[in-house]
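Visitor: If you scroll down you'll find the structure; I have some questions about it.
Values in this text are rule-based calculations from the coordinates and carry no lab data. What you are looking at is a predicted structure, and each value in this text was computed from that prediction instead of being measured. Positions of Cβ are backbone-derived with ideal geometry, glycine not excepted, and every protein chain shown enters the neighbour counts.
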Amino acid sequence: MSKLLNKLKYKRDSVTLEELIFLLSTNKFDKKIFEIADEVREKYVGNEVHIRAIIEFSNFCKMDCLYCGLRRQNKNIKRYRMNPEEILKRVRLIAEKNIKTVVLQSGEDPYYNTEIIENLIIEIKKMNLAVTLSIGERNFEEYKIWKNAGADRYLMRHETADPNLYKKLHPSDTFENRKSHLLKLKELGYEIGGGCMVGLPGQGPYELAKDLIFLREIDSDMIGIGPFIPNPETPLRKEKGGNLNTTLKMIALSRILIPTANIPATTAMGSIHPFGRQIALKCGANVIMPNLTPNPYRPNYTLYPNKICLFERDTACINCVKGMITNLGREIGKSFGFRIKNLQTNEV
Ligand code: SF4
């Protein structure tokens with residue numbers, strides 16, 4: 001076993017699917033894996049934790065992903081759309097708070113056409129912020145226009161790299177298609193954010209190992225990993241959901257395999273455990289994404305139940321995550337937090 005742990009430390013590029021399946025099948029080496037991930041994190045991305053403020057500007061979605069509370073068929077949700085002025089007002093507040101990245105997130109909502117998004121990007125760039133889009137699959141021409149307008153990053157979690165499972169969860173989409181979008185975004189110069197859920201029905205060590213191999217293969221600049229939390233308003237309401245430990249291990253192994261990636265301690269981690277985000281920051285994560293969606297909209301962006309921070313006062317999440325970072329003895333990132341790539345070597 002020490003041979004495999006050494007391989008994680010010194011020859012991560014050659015870690016195989018079978019070895020990852022093995023590590024995901026046992027809890028015996030978890031402590032060591034978490035330690036290595038923390039060492040790799042410190043060496044490659046340092047002690048800074050980058051804050052990315054999220055604005056969930058629309059909860060309309062034309063898709064029907066089986067696990068998601070925003071899915072089209074969910075009628076028990078109050079839908080909302082923020083208009084561009086409301087969004088920009090919020091962005092101004094984020095800039096005033098000295099946060100360097102804004103994440104514009106929504107369901108797949110064609111109401112926001114090419115031009116609306118383009119103008120938002122142009123206005124936000126005037127405020128000297130990095131712009132991350134997280135608005136689902138759009139057409140390649142739009143990606144290009146938005147890149148030219150100044151967009152920096154695009155989050156598009158692949159959710160699962162197992163094509164059969166992907167198809168079951170996304171009736172109108174395929175994994176190959178998802179992959180093509182991620183590769184196109186990368187080709188256009190975006191920092192891309194893949195990532196997956198952990199604990200999906202039909203997902204075991206083999207499927208999870210494939211997620212890690214896929215993230216390494218596409219050299220994902222950002223990696224969002226969170227537990228699957230069953231939503232009572234979806235067809236997966238009766239499923240069990242993901243657990244903290246396996247999700248942490250996926251975060252840790254992602255850090256080890258792709259050492260310079262930016263990896264958030266996701267809100268979903270904080271939703272399944274009161275210290276989920278703090279623990280994730282000690283197991284490889286280096287990013288935190290406070291919710292800056294204004295009220296009255298915030299409680300209606302219900303991807304899953306028991307989501308934290310829904311009723312926090314306005315900008316309280318900024319102070320909360322800053323406190324979290326300093327309490328862990330880490331530093332609050334002062335830069336835009338782009339991926340540091342020039343340190344890529346094969347050793348811890
Ligand atoms: S996961 Fe995204 S695309 Fe799928 S239903 Fe939810 S918001 Fe829509």
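Visitor: Residue by residue through the stretch 225-237, what is 3J(HN,Hα) from phi via Karplus (6.51 cos²θ - 1.76 cosθ + 1.60, θ = phi - 60°)? Round to whole Hz and write x for glycine and proline.
Guide: Result, ordered by residue: 10, x, x, 6, 10, x, 9, x, 9, 10, x, 9, 4 Hz.
Visitor: For the pair Asn113 and Ser180, what calculated FRET efficiency results from E = 1/(1 + (r/R0)^6), where r is the Cβ-Cβ distance and R0 = 25 Å, to the nearest 0.05?
Guide: Efficiency, rounded to the nearest 0.05: 0.70.
Visitor: Given R₀ = 51 Å, what would the calculated FRET efficiency be for Ser2 paired with Asn295, taking r from the Cβ atoms and rounding to 0.05?
Guide: After rounding, the FRET efficiency stands at 0.45.
Visitor: Let me have the 222 nm mean residue ellipticity of the chain computed from DSSP H runs of 4+ only, each contributing -39500 (n - 2.57), with the sum over all residues rounded to the nearest 500.
Guide: Calculated at 222 nm, the ellipticity per residue is -12000 deg cm²/dmol.
Visitor: Determine the distance separating the Cα centre of the stretch 262-340 from the Cα centre of the stretch 67-101; give it in Å without decimals.
Guide: Between the Cα centre of the stretch 262-340 and that of the stretch 67-101, the gap is 16 Å.
Visitor: Moving to a separate point now. Hand me the tally of lysine pairs in the stretch 1-97: alpha carbons under 24 angstrom apart, and the pair either on different chains or 8 or more positions apart.
Guide: 23
Visitor: To test your reading of the geometry: what angle, between 0 and 90 degrees and rounded to tens, separates the Cα axis of helix 30-45 from the longest principal axis of the chain?
Guide: Approximately 60 degrees, to the nearest ten.
Visitor: Among Tyr143, Tyr111, which comes first, second and so on when ranked by fewest other beta-carbon atoms within 10 Å?
Guide: Tyr111, Tyr143
Visitor: Just rank Ser271, Ser335, fewest to most, by other beta-carbon atoms within 10 angstrom.
Guide: Exposure proxy ranking, most exposed first: Ser335, Ser271.
Visitor: Taking a Cβ-Cβ separation under 4.7 Å as the criterion for a possible partner, which cysteines of the chain have none?
Guide: Lacking a cysteine Cβ partner under 4.7 Å: Cys61, Cys196, Cys283, Cys309, Cys317, Cys320.
Visitor: Using alpha-carbon pairs under 8 Å, 6+ residues apart, how would you state the relative contact order of the stretch 1-153 in percent?
Guide: On the way: 160 pairs, mean separation 30.2, N = 153.
Across the stretch 1-153, relative contact order equals 20 percent.
Visitor: Then there is this: For a label point 7 angstrom out from the Cα of Lys240 toward its Cβ, which stretches of the stretch 133-166 have the backbone nitrogen within less than 20 Å?
Guide: Within reach of a label on Lys240: 160-162, 165-166.
Visitor: Now a separate question. Quick one: compute the contact order of the chain, relative version, from alpha carbon pairs under 8 angstrom and 6+ residues apart, as a percent.
Guide: Normalised by residue count, the contact order of the chain is 25 percent.
Visitor: How far is helix 84-96 tilted, in degrees, relative to the longest principal axis of the Cα atoms in the chain, given as a value from 0 to 90 rounded to the nearest 10?
Guide: With rounding to tens, the tilt is 50 degrees.
Visitor: If you build the convex hull over the alpha carbons only and average its shadow over all orientations, what do you get for the stretch 14-332? Give it in nm² to one decimal.
Guide: So the mean shadow area of the Cα hull is 14.7 nm².
Visitor: Round to the nearest 10 and give me the degree value, 0 to 90, for the angle of helix 316-327's Cα axis relative to the longest principal axis of the chain.
Guide: Taking Cα atoms only, the helix is inclined about 20 degrees.
Visitor: Let me ask something else. Counting other beta carbons within 10 Å of each residue's own, what order do Ile229, Ile94 fall into, fewest first?
Guide: Ile229, Ile94
Visitor: While we're on this one: Assuming R0 = 56 Å, what is the FRET efficiency of Lys168 and Lys341, from their Cβ-Cβ distance, to the nearest 0.05?
Guide: 0.95
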